[in-house]
Amino acid sequence: MTNERTPDGDGTGDGGPGDDDLTTIRVDQFLPHPPAKVWRALTEPELLVQWQMPGAENFRLEVGHQYRMTSVPRPGTRFSGVIDVQVLAYDPERTLSVQWSDPDPANLAHWTITWTLEHEGRGTRLFLVHEGFDPDDPAQMIARKIMGGGWRSHVMRALGQTLERVE
């Protein structure tokens, strides 16, 4: 079970009222699980692969580590379907920051995804900040809208389902 609040007030975070930072997606999600368990789902490859894209099983919690994930190409956004990931920084059970890049030279996107965990009551408040969108690039604005919806619906739901299965 999850409970979501978004700063734009309409639950979308993809350009709705009050969402004036076109360079960033922000997600604020309550998860009824302790931070240690949420951290495991964010950093253990056998759990990551259950809620992220194929290739997440190659994740290692090591600054500088690189791996590749795959998804469905989105021609309208110039997304090739491939994401090169690099671990930028982490603080155990608090923050994890990675860079996502599309290796296709047609897509100049380089995004930073930062997960922040805060203990809250009997669970964890999970903040996601996905930044680096170019507001002057129509394809990136389409990608921002698609990804904002995906983070809030599919990804958070899959993460919650994974956490329900973890001991």
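The values are calculated or read from the model by the stated rules, or taken from the named source; none is laboratory data. As the structure is a computational prediction, the values presented were derived from the model and not from experiment. Glycine also receives a Cβ, built like all others from the backbone with ideal geometry; neighbour counts cover every protein chain displayed. Heavy atoms of the whole protein, side chains included, go into the accessibility calculation; ligands, DNA and RNA do not. Shrake-Rupley method; radii C 1.70, N 1.55, O 1.52, S 1.80 Å.
Numbers for the structure displayed
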| item | result |
| --- | --- |
| Hits in the stretch 93-128 (condition: in contact (Cβ under 8 Å) with a residue 24 or more places away in the chain, surrounded by 15 or more Cβ atoms within 10 Å (Cβ to Cβ) and among the small types (Gly, Ala, Ser)) | Ala109, Gly123 |
| Residue match in the stretch 152-163 (condition: over 20 Å from Pro32 (Cα atoms) and touching a residue at least 12 places away in the same chain (Cβ under 8 Å)) | no |
| Whichever residue in the stretch 1-58 is of a type in the set (A, V, I, L, M), open to solvent by 40 Å² or more (accessible area, probe 1.4 Å) and part of a helix (DSSP H, G or I) and, among such residues, is modelled with the lowest pLDDT | Val49 |
| Residues that are in a strand (DSSP E or B) and over 11 Å from the mean Cα position of the chain (by Cα), drawn from the stretch 117-135 | Leu117, Glu118, His119, Glu120, Gly123, Thr124, Arg125 |
| Every pair of residues 6+ apart whose Cβ atoms lie under 6 Å, when the first sits in the stretch 64-77 and is farther than 20 Å from Gln50 by Cα and in contact (Cβ under 8 Å) with a residue 40 or more places away in the chain while the second is part of a helix (DSSP H, G or I) and of a type outside the set (D, E, K, R) | Gly76/Ile142; Thr77/Ala139; Thr77/Ile142; Thr77/Ala143 |
| Qualifying residue in the stretch 78-98 (condition: within 18 Å of Trp151 (Cβ to Cβ), more than 14 Å from the chain's Cα centre (by Cα), assigned to a strand (DSSP E or B) and of a type in the set (A, V, I, L, M, F, W, C)) | yes |
